1. Note down the relative contact order for region B:104-171 as a percent, whole number, built from C-alpha pairs under 8 angstrom at least six residues apart.
2. I'd like the Karplus ³J(HN,Hα) series for region A:203-208: coefficients 6.51, -1.76, 1.60, θ = phi - 60°, whole numbers in Hz, and an x wherever there's a Gly or Pro.
3. Please tell me which of these pairs span more than 28 angstrom C-alpha to C-alpha: A:80/A:102; A:261/B:124; A:40/A:196; B:280/B:305; A:5/A:196?
4. Calculated FRET efficiency, residue A:79 and residue B:124, Cβ-Cβ r, R0 51 Å, to nearest 0.05?
5. With no solvent and one equal point scatterer per Cα, compute the Debye intensity ratio I(q)/I(0) for region B:104-171 at 0.11 Å⁻¹ and report its log10, rounded to two decimals.
6. Among all lysine pairs in region B:1-103 that are eight or more places apart or on different chains, how many have alpha carbons less than 18 angstrom apart?
7. Mind listing which trypsin sites (Lys or Arg not before Pro) in region B:90-198 are in a DSSP loop and have 12 or fewer other Cβ atoms within 10 Å?
8. In region B:199-302, which GluC sites (Glu not before Pro) are in a loop and have at most 12 other Cβ atoms within 10 Å, using DSSP for the loop call?
Amino acid sequence: MLEVKDLAVAFGSVAPLSGVTFSLAKGETLGIVGESGSGKSLTAMSIMGLLSMSDGRVTAGSIVFDGQELTTLAEPAYCKLRGGRIGLITQNPMTSLDPLKKIGTQVDSVAILHLGMSKKAARANTVDILATLRIPEPALICERYPHQMSGGMKQRIVIAMALAADPDLLIADEPTTALDVTVQAQIIRLLDDLVKQRDLALLLITHDMSVVAQTCDKVVVMYAGRAIEQGPVLEIFDDPQHPYTQALVGCIPRDLGDGEKLTSIPGTVPTVLNYPSGCKFHPRCARNQDICTTEQPELVRNGDSAVACHFAGAST
Amino acid sequence: MSNLLEVSNLSKTFSSSGGPFRRARTMHAVNDVSFDLPKGRVVGVVGESGCGKSTLARLILRLIEPTKGTLRFDGEDLRAKTSAQMRDLRAHMQMVFQDPYSAIDPRYTIERAVLEPFIVQGVKPSGGGAAQVEDLLNMVGLNPGLADRFPHQISGGQKQRVGIARALALRPSLLVLDEPTASLDVSVQAQIIGLLEQLRDELGLTYLFISHDLSLVQYFCDEILVMYLGRVVEVLPDTNRQACHPYTITLMNSTFVPDPKQRRVIRPLEGEVPSPFDLKPGCAFADRCPQVNEICRTETPELSKHSGHLVACHNPI
């Protein structure tokens, strides 16, 4: 469904993203995980073709969606895809809905625009979708305004808008970060069900390794604008090869045995303006050697997974 | 072990006065909360947004006035103190805030920010200001060379370390930590938690740790208070204790485990936290509870012993 190859992005002379490669099939969930500034949201924006809005551009690589090259696609054609065959769920439901329009009108407009439905048919479609999202009394909800709803409910409306034009690919950028844990569990469960029922391809962008562990089939771990390790979720969690992935799994708080401590990574994530030379993780890495400061490791394939580290595998 | 802090029947209600288009409403932010914090322990308060955990933190330092209840810190009745006496006492009880970005004045250098507690309290830093700042920055693992930087020149994790250094400046015995890692990346969160553990051991601090993250609280705390809509619904005296309150159990089941082999079918709770305005009688959790029956809708359950610890539920599991 989606094939991203060697994607690189630049804003002027600054290159915050390079060498991102992954593919996503129907019915599959791919997680892109990383800390702030790792380039995960930028990857999503590139796929949605939204870079030009902030003066960014794709400098290398390709994005192929269902056989169609997106990096060279003209804006009018992109407009049809965006919100149509590619749905987007954003992080903050409080800001992605129009506070002045009724819920129904907002969701209807997607189907009217992309599927050419009449107002009446679009409303029926909306009510249908709201019902599948387990929203009680969907017809009544359509007459409400966003401020009358809770955060979890608003996030469901945002999901409904993403689904209204019956997309093939859904991009969810931190869909649960702004929500409470019990509501997060509801939304994640919902997305999981949608992937199965509608045979969707879901690209889930998150900073939370636990969410990845519970929902994704494949995962791409990003650090400072590069994919540093990727592969099937089971393999990556079972036997992470990159020291960053190992630390990322180790620093998730959980109930450890007495005396056991969380792993922590010294230092901070570099910003795009002060990326270190060589491997971008080397200043924080315990396995740091001379070669790491000079040479950027390439992503090396090994079966289904791949890792970019000069000393992959060896545990710390 | 003596109690550093004793909280009993603490409540806070906020009222909005009515107007031509509004009726007057009362919000129970914190409702009848009692607990003890023994010296050297780490007590965690966990709950979703709106459960009153941050209000509780502010009440304990009397940053906002409680509506009723008593607060004893090191044997002294806090509510009987004048605001000048309270200011002196706060040298012994400090708070670390959630958002390090807004907790430090952007026009202050790090040095000035760390020295602020001394200025507020009118105390001369022992050994002089510069030496004291160097000491404190070293203590929280920051390079003392950062002292003349401004907040916008350092990272979020570093800012939170400055927040901790500032809280430690007057050598308090109690630190109230209000979501100290909520705005940080996970790898940085682990650093800050490690630092807090180390400081507790070195300085013999007592912590009240407030968080929405149950797994973090389970990792870091000795004892856990679970709050829902302003009330403590369960007190887990240690982290291995089996939870009995349906809400605590739901909270545990909603927490994702970072292990794809332990994938479980999450049966999420329907609905969301109800409005804290004008609470209905009965248990606040009744509308979402799988165990609900008649009595839950009429009578508010009190905390009482069940399988060895305190639970506020008519039908504990």
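The values are calculated or read from the model by the stated rules, or taken from the named source; none is laboratory data. Everything quoted here is computed from the prediction, not taken from an experiment. Here the Cβ positions follow ideal geometry from the backbone for every residue, glycine too, while neighbour counts run over all protein chains shown. Note: areas computed on protein heavy atoms with side chains; ligands, DNA, RNA excluded. Shrake-Rupley method; radii C 1.70, N 1.55, O 1.52, S 1.80 Å.
1. Reported relative contact order: 48 percent.
2. 9, 9, 9, 7, 9, 9
3. With Cα atoms farther than 28 Å apart: A:261/B:124.
4. Here the calculated transfer efficiency is 0.15.
5. Each listed q maps to, in turn, -0.20.
6. Counting lysine pairs in region B:1-103 gives 4.
7. B:107
8. Of the GluC sites (Glu not before Pro), the ones in loops of region B:199-302 whose Cβ has at most 12 other Cβ atoms within 10 Å are B:270, B:299, B:302.
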